[in-house]
1. For region 65-81, give me the residue count where each residue is in a loop (DSSP other than H, G, I, E, B) and surrounded by 16 or more Cβ atoms within 10 Å (Cβ to Cβ).
2. Write out, first by first residue and then by second, each pair whose Cβ atoms fall under 6 Å of each other, whose residues are 6+ apart or on separate chains, and whose first residue, in region 74-87, is more than 12 Å from residue 130 (Cβ to Cβ) while the second is assigned to a loop (DSSP other than H, G, I, E, B).
3. For residue 50, indicate whether it is under 30 Å from residue 26 (Cα atoms) and more than 20 Å from the chain's Cα centre (by Cα).
4. What's the number of the only condition in (1) under 26 Å from residue 167 (Cβ atoms); (2) touching a helix residue (DSSP H, G or I) at 6+ places or on another chain (Cβ under 9 Å) that residue 118 fails to meet?
5. For region 85-101, state whether one or more residues are assigned by TED's automatic domain parsing to the domain that holds residue 151, part of a strand (DSSP E or B) and farther than 23 Å from residue 156 by Cα.
6. Among (1) assigned to a loop (DSSP other than H, G, I, E, B); (2) under 30 Å from residue 141 (Cβ atoms); (3) modelled with pLDDT of 95 or more, there is one condition residue 46 misses while meeting the rest; what is its number?
7. Just to be sure before I move on: is residue 44 exposed (fewer than 12 other Cβ atoms within 10 Å of the Cβ) and either free of Cβ contacts under 8 Å to residues at least 24 places away in the same chain or out of contact with any helix residue (DSSP H, G or I) (no Cβ under 7 Å at 6 or more places or on another chain) (or both) in the structure I sent?
8. Taking region 141-168, which residues are farther than 25 Å from residue 75 by Cβ, part of a strand (DSSP E or B) and out of contact with any helix residue (DSSP H, G or I) (no Cβ under 9 Å at 6 or more places or on another chain)?
């Protein structure tokens, strides 16, 4: 499968379900604080608690809300190195793309993995303790991958903005 058709396949899987203005209000509030009680959330969106709970449940079932998580500050737990890694593969056959993606999913150090257009095939974000940990990780993961033609790393010097929020 070509790069273009692989991308189209991913886009087809990610079709957006219908959400209304109240759903958007709920999502905006939950993106700021998902620890609100249903009663607090219902008050903020001017609904009674049962319909509010049904809406949140529906948004979860549709996958609009994909996770409810605590966001950990990596600096406060000693993971001070953020690395942006561009990967160019030797070959782009579908089985090789899938194999690479499966391998990237196995490594918790890789916090984001994107199949991208342009000169590079994948853009990764990795979070590690320090440069020594990254060196060991890169040698273990990238240097031993026979289908990687080139990998380039850029290191974050300062985080200016970070958000998990989707602007609705």
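The values are calculated or read from the model by the stated rules, or taken from the named source; none is laboratory data. Everything numeric here is computed off the predicted structure, so don't read it as measured data. Neighbour counts run over all protein chains shown; Cβ positions are idealised from the backbone, glycine included.
1. We begin by selecting, within region 65-81, every residue in a loop (DSSP other than H, G, I, E, B); these are 65-73, 78-80.
Add one more test, that the residue is surrounded by 16 or more Cβ atoms within 10 Å (Cβ to Cβ), and what stays is 65, 79.
The total comes to 2.
2. As it stands, the answer is 86/120; 87/121, since those pairs meet every condition given.
3. Values: under 30 Å from residue 26 (Cα atoms): yes; more than 20 Å from the chain's Cα centre (by Cα): yes.
Yes, satisfied.
4. So residue 118 meets the others, but not (2).
5. Start the filter on region 85-101 by keeping residues that are assigned by TED's automatic domain parsing to the domain that holds residue 151, which leaves 85-101.
From what's left, part of a strand (DSSP E or B): 85-89.
Still in the list and also farther than 23 Å from residue 156 by Cα: 89.
Yes: region 85-101 contains one or more residues that are assigned by TED's automatic domain parsing to the domain that holds residue 151, part of a strand (DSSP E or B) and farther than 23 Å from residue 156 by Cα.
6. If we test residue 46 against (1) assigned to a loop (DSSP other than H, G, I, E, B); (2) under 30 Å from residue 141 (Cβ atoms); (3) modelled with pLDDT of 95 or more, just (2) comes out false.
7. Working: exposed (fewer than 12 other Cβ atoms within 10 Å of the Cβ): no; either free of Cβ contacts under 8 Å to residues at least 24 places away in the same chain or out of contact with any helix residue (DSSP H, G or I) (no Cβ under 7 Å at 6 or more places or on another chain) (or both): yes.
The answer is no for residue 44.
8. Scanning region 141-168 gives 149, 150.
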